[in-house]
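A short worksheet on the structure shown next.
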Amino acid sequence: MAKLSDIIEDFIKDMLENTQKSQVEIKRNELANYFGCAPSQINYVLTTRFTMDKGYYVESRRGGGGFILIRRISFNDNRAMIDMISEKIGESLTYDAACGILDSLFDLSMITERELNIIKVSLNDRVLGSGTNKNRLRAEIVKAILTIILN
């Protein structure tokens, strides 16, 4: 059975796919009532599943009932995407963060499922060893892979 966070994420992604616009506006409290959860659960999903490195921009407005705007980022220039992701990666990258970036590229149909799995295996902690520089090495590998994929 899927976790509530997964269900909320899929619901929001379906909203984005089924709209004529590249963005959706939601009211956090209404969505929380719909799913029978606390508004903080909606916040958790938004802050962990709809991030810049995953290809989303989230803007929260207060007052007048307030709303949350979720926009799918479209990159017309792959260089902009490479720069944005490289900046986000920085000098060090955990395995989970790398998987988030790769999952986003897969969701955008920029890599195949086979490529996704091959890259994930190559970035695994077991493959990179127990050295203290594995997160730094992982960051460099992901940046290099992105440069090749997106050029």
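Identify the residue in region 48-62 that is over 8 Å from the mean Cα position of the chain (by Cα) and not polar (S, T, N, Q) and, among all such residues, is farthest from LEU146 (Cα to Cα). Taking the candidates together, the pick is ARG62. If the condition is being at negative phi and outside any helix (DSSP H, G or I), then region 115-140 contributes ASN124, SER130, GLY131, THR132, ASN133. For region 70-108, the candidate set comprises residues that are polar (S, T, N, Q) and either assigned to a loop (DSSP other than H, G, I, E, B) or loosely packed, with under 14 Cβ neighbours inside 10 Å (or both); within that set, the residue that is modelled with the lowest pLDDT is ASN76. Only one of the numbered conditions (1) modelled with pLDDT under 90; (2) under 30 Å from LEU128 (Cα atoms); (3) of a type in the set (A, V, I, L, M, F, W, C); (4) in a helix (DSSP H, G or I) is violated by LEU16, and that is (2). Kindly indicate which of THR51, THR112 is closer than 18 Å to VAL142 by Cβ, among the polar types (S, T, N, Q) and either modelled with pLDDT of 85 or more or in contact with a Lys or Arg (Cβ under 7 Å, 6 or more places away or on another chain) (or both). Sole residue among the options that is closer than 18 Å to VAL142 by Cβ, among the polar types (S, T, N, Q) and either modelled with pLDDT of 85 or more or in contact with a Lys or Arg (Cβ under 7 Å, 6 or more places away or on another chain) (or both): THR112. For region 1-24, give me the residue count where each residue is of a type in the set (S, T, N, Q) and surrounded by 11 or more Cβ atoms within 10 Å (Cβ to Cβ). Of the residues in region 1-24, 4 are of a type in the set (S, T, N, Q) and surrounded by 11 or more Cβ atoms within 10 Å (Cβ to Cβ).
Residue check: is VAL45 under 12 Å from the mean Cα position of the chain (by Cα), at pLDDT 90 or above and either in a helix (DSSP H, G or I) or not assigned by TED's automatic domain parsing to the domain that holds GLN20 (or both)? Yes: the conditions hold for VAL45. Answer yes or no as to whether VAL121 is more than 24 Å from GLN20 (Cα to Cα), at pLDDT 90 or above and either in contact with a Leu (Cβ under 7 Å, 6 or more places away or on another chain) or not aromatic (Phe, Trp, Tyr) (or both). When the stated conditions are applied, VAL121 passes them.
The values are calculated or read from the model by the stated rules, or taken from the named source; none is laboratory data. Given the structure is predicted, the values throughout are model-derived calculations rather than measurements. We place every Cβ from the backbone using ideal geometry, glycine too, and count neighbours over all the protein chains shown.
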